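Here the structure comes first, spelled out in structure tokens, and everything after it is commentary.
The values are calculated or read from the model by the stated rules, or taken from the named source; none is laboratory data. From a predicted model like this one, the values you see are computed outputs, not experimental measurements. Cβ placement follows ideal geometry from the backbone for every residue including glycine, while neighbour counts extend to all protein chains displayed.
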Amino acid sequence: MRLRNWIAVVVSVVLLIAAGAIGVLVNRSALRAADTVHRADTQALAVNNTTLSGQMQLVTAGELKELASTTTFRLGKGNAADRRALDRFVAKTNVLKYGAAITDLRGTVLNATRSTGLPSVGDPGYTRMREELARARPGFSSVMLVDGVAIEAVAIPLVRNGAPVAVLVGFMELAKTPLQGYVATLSDSAHLTEVIDSGGRIGYSSDGSKIGTMIDPAVTAAARHAAGPTFVQFTSGKTPTIAIVVPGMPGGWSYVRSQSLASFEGAVHSKSQTLNVTLLAMLLIGVIGITLLGYRTQIQRRRSDERFQALFQHAPDMVSVLDPTGRIAFASPSAASLLNVPSGSMQGTSVFDIIHPDDRERIQAAFAALLGERDGVKRMQSRVFNADGTYRWFEITASNKLHNRALAGIVINARDVSENRAFQERLTHEALHDALTGLPNRRRMQDALDSTLSSDAVAVLFVDLDGFKPVNDMHGHEAGDELLRQVADRLSACVRAEDVLARVGGDEFVVLMPGILDQADADAMSARVCAAIETPFQVYGSEVTIGASVGVHLAAPKEDSDLVLRAADHAMYAVKKAGGGRRARLEPEPVRVGRHRAAD
């Protein structure tokens, strides 16, 4: 009897050791998988934010390029006209409000909007900026401190006859920039978001008090030497900390997102340690026998379920399992909170019912294709219905796990990307439209012209305002801007719904009229444009009268768009040379370049 008891005890201990060893291995494997997914998600978010931050930096260089392209600088030391142009630019810009300057190629200031408060010529923060300028790229400085104020400089070369002759520099107070505003929106009690220069000084931070201070040397070293996104661990004070560092922003800047190691690892590691202690305890009480072993197995299973539910309850993503017809067999608790629906109400419903109607056919086609791909993965974006009556954009990853007995369905991971998508769409719109009038800019007009000429004829009207410069000189830059906005409104009322109206220069506009083959139709539009412009304007209480010179070119399909625009431009200059739009219409034979003169 005792031998049998000892045999039972030995068997129980062996079973417990085997079960414990398997449990430890499974727990470690699950922990590694969870860490991998968590790090991948963190890296993807950091790379996306880095891209957005870099684009916002490039916008500042774009403002300087626009100033350089629309202004002829004299480049004399202290030149009054150059100073006025710089003052107008600083008054207008939303980013480079701190100041602007023109320097020679050695960095000596020729002109500036302020006499004090700018970094000295020898400030080491200029080093990286000058290196970028030497490579014929926009230059971005490191953080420079002037009287306790953190400043960044952005510069582009001023080119004459194909060679740089001076440098146009804009300065921004980092704490008051749109990029700092964006980084501040990423503020969270669990982590800190920062953008650092190549020397490790903080330029932008979700904690504004850290701007201008130095980041941990370990992060600086990672930013300098890493070829791509990398994780680095260090000690902040006495707190073990982990950071994701993403280099590659203009001027050697890098994106950093850091948090305590404990909060990063979170509940996964804590529960893993708890499970290991539990397994050791089970080994110590193995002599109790098979009965208690079964009891402990049930407890372990229940704890695993609780851990699984706890992880999904607080996950930022939606996780669902669909059957082959698209009905929801399982939805994580986070899905209900993200879509503002009662918990458990999504089970049994079709996932296609919550997809936006415009996206539904595309998503159904992707779902059908995925059913035939074992272990296939599809990534897509779609609008998903929210119970508050709106649709939000989600990035969806669908995996075919129908062959997996534990899942037996299509596993869906969805992340809300509405804010990032809206930000990207806003950047795209700003890149293709004129900031002053809201009209398409030259780039957008060129794309429309290329697209139309690929299959259709188009009439091109090149419009230049007569008498605009005197209005600008007499009434001021703000009055000139207001006049351009009113001109844009009147021209918008003249054109057809299918026409494209764009502002392509200071006081130059282009009208594209697809499908127009008749010279008389183009002439009629030209007359409407001139009549609309010649009607007096009311600008800040003053009556202003201007005119318009309109050049017309009828382009056949497949013509070269650059030659078409050049022909319309030549026609406009011919009209202006003849005395402007009003005088040209009074002459018996107006000057115009048509289809038969496209070579001009």
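Quick notes
- Of all residues in the stretch 218-258 being under 24 Å from residue 126 (Cβ atoms) and aromatic (Phe, Trp, Tyr), the one that is surrounded by the most Cβ atoms within 10 Å (Cβ to Cβ): 255
- If only residues of the stretch 462-485 that are touching a strand residue (DSSP E or B) at 6+ places or on another chain (Cβ under 8 Å) and closer than 20 Å to residue 510 by Cβ are counted, the one that is surrounded by the fewest Cβ atoms within 10 Å (Cβ to Cβ) is 467.
- The number of residues in the stretch 494-548 being part of a loop (DSSP other than H, G, I, E, B), more than 24 Å from residue 473 (Cα to Cα) and within 40 Å of the chain's Cα centre (by Cα) comes to 7.
- Residues that are surrounded by 19 or more Cβ atoms within 10 Å (Cβ to Cβ), assigned to a strand (DSSP E or B) and small (Gly, Ala, Ser), drawn from the stretch 123-165: 139, 150, 153, 155
- Unique residue being exposed (fewer than 13 other Cβ atoms within 10 Å of the Cβ), at pLDDT 90 or above and not in a strand (DSSP E or B) when the list is 588, 557: 557
- Of the criteria (1) surrounded by 21 or more Cβ atoms within 10 Å (Cβ to Cβ); (2) in a strand (DSSP E or B); (3) within 28 Å of the chain's Cα centre (by Cα); (4) not basic (Lys, Arg), which one residue 111 fails: (3)
- Test: residue 33 is without any contact (Cβ under 8 Å) to a residue 40 or more places away in the chain and either in the same structural domain as residue 143 (by TED's automatic domain parsing) or in a helix (DSSP H, G or I) (or both): yes
- Assessment of the stretch 182-191 against the conditions (modelled with pLDDT under 90, of a type in the set (D, E, K, R) and either under 24 Å from the mean Cα position of the chain (by Cα) or surrounded by 13 or more Cβ atoms within 10 Å (Cβ to Cβ) (or both)) yields at least one matching residue.
- Test for residue 77: is it charged (D, E, K, R) and either surrounded by 15 or more Cβ atoms within 10 Å (Cβ to Cβ) or not in a helix (DSSP H, G or I) (or both): yes
- Pair list, Cβ < 9 Å and 6+ apart or interchain, from the stretch 366-380 residues that are in contact (Cβ under 8 Å) with a residue 40 or more places away in the chain to residues that are basic (Lys, Arg) and surrounded by 11 or more Cβ atoms within 10 Å (Cβ to Cβ): 367/378; 370/378
- First in the stretch 216-237 and free of Cβ contacts under 8 Å to residues at least 12 places away in the same chain, second anywhere and of a type in the set (A, V, I, L, M), Cβ under 9 Å, 6 or more apart: 221/232; 235/218
- Inclusion of residue 67 among residues that are in contact with a strand residue (DSSP E or B) (Cβ under 6 Å, 6 or more places away or on another chain) and buried (at least 16 other Cβ atoms within 10 Å of the Cβ) is not warranted.
- Test result for residue 488, within 32 Å of the chain's Cα centre (by Cα) and either surrounded by 15 or more Cβ atoms within 10 Å (Cβ to Cβ) or of a type in the set (A, V, I, L, M) (or both): yes
- Cross-chain or 6+ apart pairs with Cβ under 8 Å, the stretch 442-462 first and in contact (Cβ under 8 Å) with a residue 12 or more places away in the chain and in a helix (DSSP H, G or I), then of a type in the set (S, T, N, Q) and buried (at least 17 other Cβ atoms within 10 Å of the Cβ): 446/561; 449/561; 450/561; 453/561
So that you can scan it fast, the table gives a plain yes or no per residue for (1) of a type in the set (A, V, I, L, M, F, W, C); (2) touching a helix residue (DSSP H, G or I) at 6+ places or on another chain (Cβ under 8 Å); (3) under 20 Å from residue 47 (Cβ atoms); (4) part of a loop (DSSP other than H, G, I, E, B):
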site	(1), (2), (3), (4)
181	no, no, no, no
188	no, no, yes, yes
204	no, yes, yes, no
220	no, no, yes, no
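- Residues of the stretch 564-585 that are more than 15 Å from residue 459 (Cβ to Cβ) and at pLDDT 50 or above: 566, 570, 573, 574, 575, 576, 577, 578, 579, 580, 581, 582.
- Residue 514 being modelled with pLDDT of 90 or more, in contact with a Ser or Thr (Cβ under 8 Å, 6 or more places away or on another chain) and over 20 Å from residue 442 (Cα atoms): no
- Residues located in the stretch 492-525, provided they are of a type in the set (Gly, Ala, Ser) and surrounded by fewer than 21 Cβ atoms within 10 Å (Cβ to Cβ): 492, 493, 497, 505, 506, 515, 520, 524
- Leading residue by the ranking (farthest from the chain's Cα centre (by Cα)) among those in the stretch 333-353 that are modelled with pLDDT under 70 and surrounded by 17 or more Cβ atoms within 10 Å (Cβ to Cβ): 333
- Applying the set (1) more than 19 Å from residue 158 (Cβ to Cβ); (2) among the β-branched types (Val, Ile, Thr); (3) modelled with pLDDT of 90 or more to residue 13 leaves exactly one unmet item: (3).
- Yes/no for residue 165 being at pLDDT 95 or above and either under 24 Å from residue 123 (Cα atoms) or under 22 Å from the mean Cα position of the chain (by Cα) (or both): no
- Only listed residue being modelled with pLDDT of 75 or more, of a type outside the set (A, V, I, L, M, F, W, C) and more than 15 Å from residue 502 (Cβ to Cβ), chosen from 426, 421, 443, 405: 405
- Flag for residue 528 being surrounded by fewer than 20 Cβ atoms within 10 Å (Cβ to Cβ), without any contact (Cβ under 8 Å) to a residue 40 or more places away in the chain, touching a helix residue (DSSP H, G or I) at 6+ places or on another chain (Cβ under 8 Å) and farther than 11 Å from residue 461 by Cα: yes
- Matching residues in the stretch 479-505 - criterion: being touching a helix residue (DSSP H, G or I) at 6+ places or on another chain (Cβ under 7 Å), modelled with pLDDT under 90 and closer than 18 Å to residue 460 by Cβ: 504
Residue by residue, here is whether (1) free of Cβ contacts under 8 Å to residues at least 60 places away in the same chain; (2) under 21 Å from residue 201 (Cβ atoms); (3) hydroxyl-bearing (Ser, Thr, Tyr) holds:
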| residue | (1), (2), (3) |
| --- | --- |
| 102 | no, no, no |
| 106 | yes, no, no |
| 121 | yes, yes, no |
| 125 | no, yes, no |
| 140 | no, yes, no |
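- Residue 555 without any contact (Cβ under 8 Å) to a residue 24 or more places away in the chain and aliphatic (A, V, I, L, M): no
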